[in-house]
Every structure is written in structure tokens, then in C-alpha cells.
Amino acid sequence: MDKKFLIIFAIRNLTFRKLRVALTIVGMLIGISTIIFLVSFAFGLEGMVKDEMSNGNAAQLIDVGTGNSQIVKLNSASIDQIKQLSDVKQIERIANVAALSRTGINGKAQDISFYIVSKDYLNFSGFSIKYGEDFNQQTTEQNNILINEDVLSRLGLPDSNSVLGQEIALDLIIPKQITDGDVAKFENLKYKIIGVIKTGSISGVYLSEKDANQFPIKSYSKLKVYVNRSGQVEAVRKRIEANGLKTEYVGEATKQVEQVFNIFKIALGSFGLIALMVAGLGMLNTLTISLLERTKEVATMKLIGIKSKSIKLIFITEAITMGLFGGLCGIIFGVGLSKATNIVVNNLATRSGGDPTVLFITPIWFAFLVLMFSIVTGAVTGFYPAYRASKINPLDVMRYE
Amino acid sequence: MDKKEFNQIELHNISKTFIVGKGRHNIEALIDISLSITEGEFVVIYGPSGCGKSTLLNTIIGFEKPTRGRVLIDGEDLYKLSEDIRSEYRSHKFGVVYQTQNWVKSLNSRENVALPLIAQSFSYNDAVEDAERFIHKMNLQEFLKQMPTQLSGGEQQKLGLARALISKPKIVLGDEPTGNLDSVSSDIVIGFLKELNTHYKRTVIIITHNHDYWNIGHRQIEMKDGKIIKDSKNSG
């Protein structure tokens, strides 16, 4: 049977019984939009949590340390070994050093964490600057440091722009794990603050590696190994661990988060599914009543010579069309509602001093999946009336009439 | 042998029994009927209500499977075909006009007339184009896009005739085609059927209660109690 006719006939039949069909489609719309709204919320939350956990490169970064081993070292030899591995694109280093500030609250000295980092280490750590600039923008001037805003108060410094350019004096104690020999001490070193890092990043004071030539750094506390593609992470990890080093990968935690959120999405989606099932029953009801009203029409079509399987196709096309319309309306309404809620929530958040966030995310593949699901729901609910229609004996109908 | 004598429809010992009330009561609608109708014949069937005329017609078009006997159309045993093939066969071979026309309510006049062609897998556009041509022939062009139920009884019957004829069937059957019409409209419908028979050499079989039309064909068949009691040819 001609497809164009099937579609025209389905639309004509649906528009012929406007109110009933409109109510059925509203039922579908509620079910579908509930699924879209709730699951988009789960996607949004997942995105927020993942963003908090990692920066953009996290999927390709491996943290390398020595664990508690006193034998294995993160020195130039082991770094070179890792560099040789295929798929390793970049290695960034950090050395933990103990520091004592000469100035502090009420003039008391304060212990602070002091880190000597290679060029992109902080970028890979997902830090963000609150005031000032980072090392990449700095001039040739030496002994510049970045400071975490948590540390400012401990040093008795204001949490504002005015801190930029201020000098602080520190005593550094470089432990033997870093020097590969004796502990090295440096006193009264002067450093200028060029940037303040937002809370949430690693707490402490940071010095660029190129300004640390005077220190006897032979080994590092941790490395960040950047691989070409996230797919290679596991292979590279295995080869690094074969050398006795320990690795951590944020992707593992992200995977766990994904698993948790997948359950969350299914749970939320199930609420919508219940609504959709009710809507499906409504659709079944509409189609069955429509069939009962049209038995004479079906008999007429059969008398004309339209085959039973074409009759079945006519009813299923109608059900699919209804599912399609319901699905499309539901998706549009659900996405609209998500966006509107996001705008309202962000407005409230901004007013109370928070940052705007993306609370609802509707991936296109998910919207498409929901649309397919809606069409399948239509087809499934249409099957029974279609089957009954195909079994109608036209002569029985005509005799009864 | 004369080519005109080819038996287009052959009924061999047809009986049809309806079982009523959980098998306790049988109604014999047709009893051992044998009948041959040649191509191009115009046959008028009449008889009292309940004598089995409509059952006979439905048996010929492949709708009412007989309890006994065989129905051959152009030599093909109709009830040996599957239901779907019989549907297809019906849409090609037969055009049927009933006393009351039944329509698909959501489709307009031209789409309703186009249905038999759509059943034959014509494209929607081609079928509707053909339907428009037939509706023009019936002088109903002003109703092309109207719903058939908005037309008068006579107009609906003409539209039903257009639907029955659109697939150019070789055999046209009418079950009381003028039953609901006034005399003027009845004459127009019968005139069409007559023209179909004389000019287009279609085989026409009609059931009618109207005495005025008993003699319009080549042959009269009278039925009573499920049997043919008279089968006579009209002179001239």
C-alpha cells in the first residue's frame, strides 16, 4: 500500500477526532516530557560532579607517584623511561617542599606547603586564578609565586587584589626525598605574589621550576603524565607500574560517578516511564474506541479489496503517527521546561552570589532515543487494535448493520 | 465454439448453511445451486426477501464461502485462493454497488473513489487522478473534495458506482443498487449499468425488487427459499 496514502490517511483520521486525539497526545506529552526533564536533570548533575572532579584533560592524565617506596624514585632517569613509552605526550612534575613563613597572623611564623612545579602542572591540575596571573603570563622577573587563597589568611594577608605584588619571606626545607641526599635549608628567601588561586585547588604556595635552579632537586613528589588518547591510559599505566611506580587515574573515579548516575538516571527515567505507560494505555483506549467506531469503515475497505495486512498497516501507522507527535511535543515541552527551570535557578543563584551552572543537559542522542521509544510505544499499543481490525469479517458487520 | 459463450462465472452445486444458536438451528440460505453466466451477460436476480439473493452475490464475489460446491471465476476456483489473494482478485475482477453506500468518513469523495486503486497498490497521486476522471464522468466534479456523506442519496449512489468502476472490473454487481433512490435517480443508475453492458461489454448482475427493471437484462433469475426457481432469457 502506498506510503503517502498511509500517512495522509493516518493524519486525516487523527484530525477527524481532534479532541480525543489531542487529549491522548497530551498524555504522551506529559510522560515524555517528564522523562526528558528528570533524566536531563540527572545528566546535568552528573556533568556538574564530573566538572568538579576534573578539568578538561582529566581523561588523558595519569598521576604517578612512588607510593611508600623508599627505593623507587621519580628522578630524571624514571622520567626519561616514561617519556620513552609510546603514546606519552607530556610529563609535568611537582616537588613538595616544607616552608616556614616569617610573617603571619600576629607576627607568628606559619608552616605552609610549598610546591615547585613544572610549566603546565597547574594547568593539568585544573586550577583557576582569582586575582593576578599565572606563570605562563609572567615576565622574565624571577621569584614570582602563586598563592592559594586559603593560605592568605594564615599569612595575615588580605583576600583582595591588593595582595598582588606583595613580597613574603620564607625559609625552605627541602627534604631528602627530593634532594636524594641530605636535607637542604634556605633561609629568608623573598618571593613576590603574582597571582591568587581559587579555593578548591591544591592548597599552598607555588613556585615555577625555572625559578628553582638554586635548589638541589633530584627527585619529584608526583608526576602528571599526559597521554595522546584516553583509550591508551590503561596500557600506559600498566607499563609505568611495571617499573614499580604507583599510578592514579581520575577516570576511574569518573567511571564510578557515571555508574552511580546511570542508576540515578534509570530511577528518574522510571518515574517518567510510569507516566508514559499510563499514556500508552490511554492511546490503546483511543485506538480501540476508534476501531469500534470504524468497524463499518474497515468492512467497507475490505469489501473494496483492501487486504487484511494493509488494514493492519493503516492502524499501526495511525498509532505510530500519534506516538511520533506525542514524542515530539513531549521532547519540545520537556527541553523547554528544563531550560526555563535552569534560567530561574541560575537567576536565583546569581542573586545570592553563586555561580550560574548548567543544571539540565539533554544530549541529542537521548532526545532521539526517547523519540524512538515514543514511536515504539505507539506501534506496540497500535498492534492490538490493528490485529482486531484485520480480523473483522465485513459480512458480519454488514449483516449486523 | 462461439467465443461469446465463454462461461465467466460458474457455480457448481453451491449450498450455504448458516448455523444459528450454538448449532441447534440451521438456516439453509442456498440449496444446491448451479449456474453459469457468460461474459457480457446482463443478469437480473429477483425474489422475496430472505430467499438467498445477497448470499448468492456474496458467494460470487468471494466473501461468503459456500458450505458445499465450487465457484469458478474465469476458470479459477475462487475458494481455493487464500483470503489475501481473494481480496486482490476481488479488487481487480469485481465492482460492487450496494443499496446503501458505506464510506470512509475521514476521506473526501475523490479519495473514497480512489480506494480500490490504492488497494491495487497504485500510488496515491495516480489513484486520486483517476478518481477525479471518473467523478467527472459521473458529473459530480463539484463534490470532488467534499465528504461523500454530504452528498444526496442519488449522488452518493453515483459516487458509489464510480468507486465500483474505477478499477475497470470485468464483472459489475449491484445489490439493490436503486433500493434507496427515487425513480429519476434509479433510472440514471440503471442507465449507467446498461451502458456498461452494451458499450463496454461488462458482465452485469443486479439484484432488484423493482419490477420495472426485471426485463432490462438478457436474463432473469427468480429465487425462492435458497433455490433458483426460474431462469429465463429475455427475447430481443
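The values are calculated or read from the model by the stated rules, or taken from the named source; none is laboratory data. Since the structure is predicted, the reported quantities are computational estimates derived from the model, not experimental observations. Note: ideal-geometry Cβ built from the backbone for every residue, glycine included; neighbour counts use all protein chains shown. These accessible areas exclude ligands, DNA and RNA; they are computed on the full protein's heavy atoms, side chains included. Shrake-Rupley method; radii C 1.70, N 1.55, O 1.52, S 1.80 Å.
At a glance:
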| read-out | value |
| --- | --- |
| Exclusive hit being crowded, with 19+ Cβ neighbours inside 10 Å, over 27 Å from A:PRO216 (Cα atoms) and not basic (Lys, Arg), set A:VAL64, A:VAL117, A:VAL163, A:VAL151 | A:VAL163 |
| Output for the stretch A:74-90, where each listed residue is in contact (Cβ under 8 Å) with a residue 24 or more places away in the chain, assigned to a loop (DSSP other than H, G, I, E, B) and over 12 Å from A:LYS222 (Cβ atoms) | A:LEU85, A:ASP87 |
| In the stretch B:100-128, the residues that are open to solvent by 30 Å² or more (accessible area, probe 1.4 Å) and within 21 Å of B:VAL184 (Cβ to Cβ) | B:THR100 |
| Hits in the stretch A:168-215 (condition: open to solvent by 60 Å² or more (accessible area, probe 1.4 Å), over 22 Å from A:ALA77 (Cα atoms) and among the acidic types (Asp, Glu)) | A:GLU187 |
| Index of the failed condition, A:LEU276 passing every other in (1) assigned to a helix (DSSP H, G or I); (2) surrounded by fewer than 19 Cβ atoms within 10 Å (Cβ to Cβ); (3) not charged (D, E, K, R) | (2) |
| Hey, A:GLU252 acidic (Asp, Glu), open to solvent by 60 Å² or more (accessible area, probe 1.4 Å), without any contact (Cβ under 8 Å) to a residue 40 or more places away in the chain and within 24 Å of A:ASP120 (Cα to Cα) or not | yes |
| Every residue from the stretch B:177-236 that is assigned to a loop (DSSP other than H, G, I, E, B) and closer than 22 Å to B:THR59 by Cα | B:PRO177, B:THR178, B:GLY179, B:ARG202, B:THR208, B:HIS209, B:TRP214, B:GLY217, B:HIS218, B:ASP225, B:GLY226 |
| Residues that are within 13 Å of chain B (Cβ to nearest Cβ), surrounded by fewer than 22 Cβ atoms within 10 Å (Cβ to Cβ) and among the polar types (S, T, N, Q), drawn from the stretch A:1-60 | A:THR15 |
| Selection count where residues are more than 14 Å from A:GLU92 (Cα to Cα), in a loop (DSSP other than H, G, I, E, B) and at pLDDT 85 or above, scope the stretch A:205-233 | 5 |
| Residue in the stretch B:29-41 that is on the phi > 0 side of the Ramachandran plot and assigned to a loop (DSSP other than H, G, I, E, B) present | yes |
| Hits in the stretch B:56-88 - residues which are in a helix (DSSP H, G or I), within 9 Å of chain A (Cβ to nearest Cβ) and open to solvent by less than 30 Å² (accessible area, probe 1.4 Å) | B:ASN58, B:SER87 |
| Residue list for the stretch A:163-193, filter: closer than 30 Å to A:ASP51 by Cα and either touching a helix residue (DSSP H, G or I) at 6+ places or on another chain (Cβ under 8 Å) or of a type in the set (S, T, N, Q) (or both) | A:VAL163, A:ILE193 |
| For A:VAL236: the one exception among (1) assigned to a strand (DSSP E or B); (2) touching a residue at least 60 places away in the same chain (Cβ under 8 Å) | (1) |
| Condition check for B:ALA131: open to solvent by less than 30 Å² (accessible area, probe 1.4 Å), more than 9 Å from chain A (Cβ to nearest Cβ) and in a helix (DSSP H, G or I) | yes |
| Some residue of the stretch B:158-171 being within 14 Å of another protein chain (Cβ to nearest Cβ), buried (at least 21 other Cβ atoms within 10 Å of the Cβ) and assigned to a strand (DSSP E or B) | yes |
| From the options A:THR362, A:THR357, A:THR341, residue that is more than 24 Å from A:LEU291 (Cβ to Cβ), part of a helix (DSSP H, G or I), among the hydroxyl-bearing types (Ser, Thr, Tyr) and under 28 Å from the mean Cα position of the chain (by Cα) | A:THR341 |
| Any pair with Cβ under 9 angstrom, 6 or more apart, that starts in the stretch A:20-37 at a residue that is free of Cβ contacts under 8 Å to residues at least 40 places away in the same chain and on the phi > 0 side of the Ramachandran plot and ends at one that is open to solvent by less than 20 Å² (accessible area, probe 1.4 Å) and of a type in the set (Gly, Ala, Ser) | none |
| B:SER91 crowded, with 22+ Cβ neighbours inside 10 Å, among the hydroxyl-bearing types (Ser, Thr, Tyr) and either at positive phi or within 10 Å of chain A (Cβ to nearest Cβ) (or both) | yes |
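For (1) open to solvent by less than 20 Å² (accessible area, probe 1.4 Å); (2) under 22 Å from A:PHE43 (Cα atoms); (3) within 13 Å of chain B (Cβ to nearest Cβ), each residue gets a yes or a no:
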site	(1), (2), (3)
A:GLU293	no, no, yes
A:GLU297	yes, no, yes
A:GLU318	yes, no, yes
A:GLY326	yes, no, no
A:GLY330	yes, yes, no
A:LYS339	no, yes, no
A:ASP355	no, yes, no
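Quick grid of which residues meet (1) over 23 Å from A:GLY27 (Cα atoms); (2) in contact with a Leu (Cβ under 7 Å, 6 or more places away or on another chain):
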position: A:THR317; (1), (2): no, yes
position: A:MET322; (1), (2): no, yes
position: A:CYS329; (1), (2): no, yes
position: A:LYS339; (1), (2): no, no
position: A:VAL344; (1), (2): yes, no
position: A:ARG351; (1), (2): yes, no
position: A:PRO363; (1), (2): yes, no
